[in-house]
Amino acid sequence: MAGRSSSVLPGRRYDHIFFSAAAVLMLATVFAGFARTYYLAGVFHAPLPGLIIHVHGAVFSAWILLLVAQASLVSAGRLEIHRRLGMAGFVMASVMVILGILASTDSLVRADVSGRDARFFYIVPLTDMMIFATLIFFAYRERSDSAAHKRLIFLATSALLIAATARWPWFPHRSLLRATLLSECFLVILIAYDLWSTHRLHRATLWAGAFLVFVQQVRLPLGHTHAWLAFAGWIQSLARSAGL
């Protein structure tokens with residue numbers, strides 16, 4: 001009976017459809033968040049604070065486009081091109097971590113975080129980069145295991161979406177908690193797909209999802225501690241004295 005039940009499960013049969021659709025949904029999420037201030041404002045002509053923010057926006061946008069392209073290549077069976085682009089994607093992801101840290105430090109120096117304490121908010125992009133870097137590293141290690149690899153890439157990218165969901169035009173006032181919960185909907189979607197397709201959570205979904213939620217939730221109280229505020233204040237002073 002167990003063999004007969006498992007044989008009728010969808011399994012990985014619809015992976016190419018699910019992950020392609022999820023990549024397009026992420027693209028739509030990012031576009032909706034940054035359409036007014038970035039994409040429809042002319043991208044490099046958009047009135048952004050400085051060059052590092054322009055470069056940061058361009059590279060992070062390129063990552064989302066690469067995600068859509070990679071999912072499409074897998075769906076089309078063009079695995080050789082997918083693997084070649086994957087190596088370039090790993091290099092891009094490494095550059096993104098550096099740019100993310102530089103851009104967040106630039107915002108800290110300018111104290112431009114929509115009325116919040118810039119020292120507290122500094123923990124948000126830094127931990128986003130930590131989540132992204134960690135999951136991308138393991139995705140690279142698991143590149144021979146396509147099921148684990150694609151889930152790790154998916155969840156790593158979802159960690160970057162808080163900046164976009166916080167800027168959705170349907171919510172006039174930015175809420176860090178609401179933006180976080182909206183970005184975690186992608187994890188919920190992945191869990192639902194795992195349970196539907198195999199009736200169990202994939203190990204990558206389980207541990208990477210737990211890691212994602214833990215870091216995103218623990219950083220909020222941690223960001224208000226004296227130790228963190230002192231550290232962020234030190235970085236702020238150091239960056240300002242260096243002329244950044």
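The values are calculated or read from the model by the stated rules, or taken from the named source; none is laboratory data. Just so you know, these numbers come straight off a predicted model, no measurement behind them. We place every Cβ from the backbone using ideal geometry, glycine too, and count neighbours over all the protein chains shown.
Miscellaneous remarks
- Complete set of residues in segment 197-216 that are in a helix (DSSP H, G or I) and free of Cβ contacts under 8 Å to residues at least 12 places away in the same chain: Leu206, Trp207, Ala210, Phe214
- Any hit, segment 169-181, residues being within 20 Å of Ala239 (Cα to Cα), in contact with a helix residue (DSSP H, G or I) (Cβ under 9 Å, 6 or more places away or on another chain), surrounded by fewer than 16 Cβ atoms within 10 Å (Cβ to Cβ) and charged (D, E, K, R): no
- Selection within segment 30-45 - on the phi > 0 side of the Ramachandran plot and either part of a helix (DSSP H, G or I) or among the hydroxyl-bearing types (Ser, Thr, Tyr) (or both): Val43
Results for (1) part of a helix (DSSP H, G or I); (2) surrounded by fewer than 19 Cβ atoms within 10 Å (Cβ to Cβ); (3) in contact (Cβ under 8 Å) with a residue 40 or more places away in the chain; (4) touching a Ser or Thr at 6+ places or on another chain (Cβ under 9 Å), shown as yes or no for each residue.
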position: Ser61; (1), (2), (3), (4): yes, yes, no, no
position: Leu67; (1), (2), (3), (4): yes, no, yes, yes
position: Gly89; (1), (2), (3), (4): yes, no, no, no
position: Val95; (1), (2), (3), (4): yes, yes, no, no
position: Ile136; (1), (2), (3), (4): yes, no, yes, yes
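- Meets criteria (farther than 30 Å from Arg200 by Cα and part of a helix (DSSP H, G or I)) for His56: yes
- Boolean, Ala164 is crowded, with 19+ Cβ neighbours inside 10 Å and without any contact (Cβ under 8 Å) to a residue 24 or more places away in the chain: no
- Looking only at segment 177-196, and only at residues there that are in a helix (DSSP H, G or I) and not aliphatic (A, V, I, L, M), the one that is farthest from the chain's Cα centre (by Cα): Trp196
- Only one of the numbered conditions (1) surrounded by 13 or more Cβ atoms within 10 Å (Cβ to Cβ); (2) free of Cβ contacts under 8 Å to residues at least 40 places away in the same chain is not met by His56, and that is (2).
- If the condition is being over 22 Å from Met129 (Cα atoms), surrounded by 15 or more Cβ atoms within 10 Å (Cβ to Cβ) and small (Gly, Ala, Ser), then segment 27-53 contributes Ala35, Ala46.
- Among the residues listed as Thr205, Thr198, the single one being surrounded by fewer than 16 Cβ atoms within 10 Å (Cβ to Cβ) and at pLDDT 90 or above: Thr198
- The lone exception for Thr127 - which of (1) over 14 Å from the mean Cα position of the chain (by Cα); (2) surrounded by 14 or more Cβ atoms within 10 Å (Cβ to Cβ); (3) within 21 Å of Ala156 (Cβ to Cβ) it fails: (1)
- So Phe34, is it more than 14 Å from the chain's Cα centre (by Cα) and not acidic (Asp, Glu): yes
- Given (1) surrounded by 15 or more Cβ atoms within 10 Å (Cβ to Cβ); (2) at positive phi, index of the condition Gly77 fails: (1)
- Criterion (assigned to a helix (DSSP H, G or I) and either without any contact (Cβ under 8 Å) to a residue 12 or more places away in the chain or over 26 Å from Leu222 (Cβ atoms) (or both)) met by exactly one of Leu48, Leu85, Leu108: Leu85
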